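Below you'll find the structure, written out as structure tokens, and then a few comments.
Taken together, the values in this text are just the output of simple stated rules run on the coordinates, not laboratory data. A quick note: this is a predicted structure, and the numbers were derived from the prediction, not measured. Glycine gets a Cβ as well: all are built from the backbone with ideal geometry, and neighbour counts include every protein chain shown.
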Amino acid sequence: MESAIEKDFKNRIAALRNYINEHDRGVVIGMAFCCVPLIPVTLFGLIVCSWNLFLVKQNQLEITEMKPIKLAFSIGFFNLFLGTFVAVFIYSIIIETGIYVPTTIRIVADFIIEVIRFMWGVEEPNLIGAYF
């Protein structure tokens with residue numbers, strides 16, 4: 001017997017599949033790329049959406065595709081603004097505090113390796129002594 005969560009999840013997945021099948025693949029791909037909060041991917045998604053908008057204006061795509069294109073534009077510009085804000089914020093913190101980036105990357109990578117080794121049971125972690 002299926003639980004209520006399983007039924008709801010299957011219904012939502014079926015609705016998403018129907019939505020994807022009803023729209024042009026280029027529109028769906030542009031929307032998917034616009035939803036990724038990484039600046040280069042979002043920019044690519046906005047380029048694809050701009051191309052889709054051009055195709056709608058040239059009557060090569062149906063006018064019904066305008067709604068998902070506008071939604072993808074709004075999501076893409078929000079992600080672009082948010083990603084730019086976060087990047088500038090992190091960059092200003094690095095500049096103001098004088099953090100040396102290669103050393104920080106090495107420390108974080110060593111920490112992640114120690115956590116993975118601990119999870120796989122390779123050795124006992126030295127999470128405090130190695131970094132402080």
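Which of rounded, prolate, oblate describes the chain, given a ≥ b ≥ c as roots of the alpha-carbon gyration tensor eigenvalues and a/c under 1.5 marking rounded, otherwise prolate only if a/b is larger than b/c?
Oblate shape, in that a/c is at least 1.5 and b/c is the bigger or equal ratio.
What does the helix-only formula give at 222 nm for the chain: each DSSP H stretch with n ≥ 4 adding -39500 (n - 2.57), the total divided by the residues, and the result rounded to the nearest 500 deg cm²/dmol?
Calculated mean residue ellipticity at 222 nm is -26000 deg cm²/dmol.
Give me 92, 50 sorted ascending by neighbouring Cβ count inside 10 Å, so fewest comes first.
92, 50
Tabulate in residue order the Karplus-calculated ³J(HN,Hα) for the stretch 102-113, using 6.51 cos²θ - 1.76 cosθ + 1.60 with θ = phi - 60°, rounded to whole Hz; enter x for Gly and Pro.
Once rounded to whole Hz, the list reads x, 5, 4, 5, 5, 5, 5, 5, 4, 5, 5, 5.
Helix 66-97 against the longest principal axis of the chain: what's the angle in degrees, Cα atoms only, rounded to the nearest 10?
It is inclined by approximately 20 degrees.
If you average the alpha carbon positions of the stretch 62-82 and of the stretch 29-53, how far apart do those two centres end up, in angstrom?
What the calculation gives is 9 Å, centre to centre.
Any idea what angle helix 4-22 forms with the longest principal axis of the chain, computed on alpha-carbon atoms, 0 to 90 degrees, nearest 10?
Approximately 60 degrees, to the nearest 10.
Amide H of residue 61: which non-local residues (sequence gap of 5 or more, or other chain) have their own amide H closer than 5 Å, using H built in the peptide plane?
Distant-sequence amide H within range of residue 61: 56.
Calculate one ³J(HN,Hα) per residue across the stretch 24-31 by plugging θ = phi - 60° into the Karplus curve 6.51 cos²θ - 1.76 cosθ + 1.60, and present them in order as whole Hz with x for glycine and proline.
Ordered by residue, 3J(HN,Hα) equals 5, 4, x, 5, 5, 5, x, 5 Hz.
How much length is gained if the chain between residue 21 and residue 119 is pulled fully straight, taking 0.36 nm per residue apart and subtracting their Cα-Cα distance, in nm to one decimal?
Result: 31.1 nm gained on full extension.
Take each of the peptides 10-23, 31-44, average the number of other beta-carbon atoms within 10 Å over its residues, and list them starting from the highest.
Details: 10-23: 10.9, 31-44: 17.4.
So the peptides 10-23, 31-44, ranked by packing, come out 31-44, 10-23.
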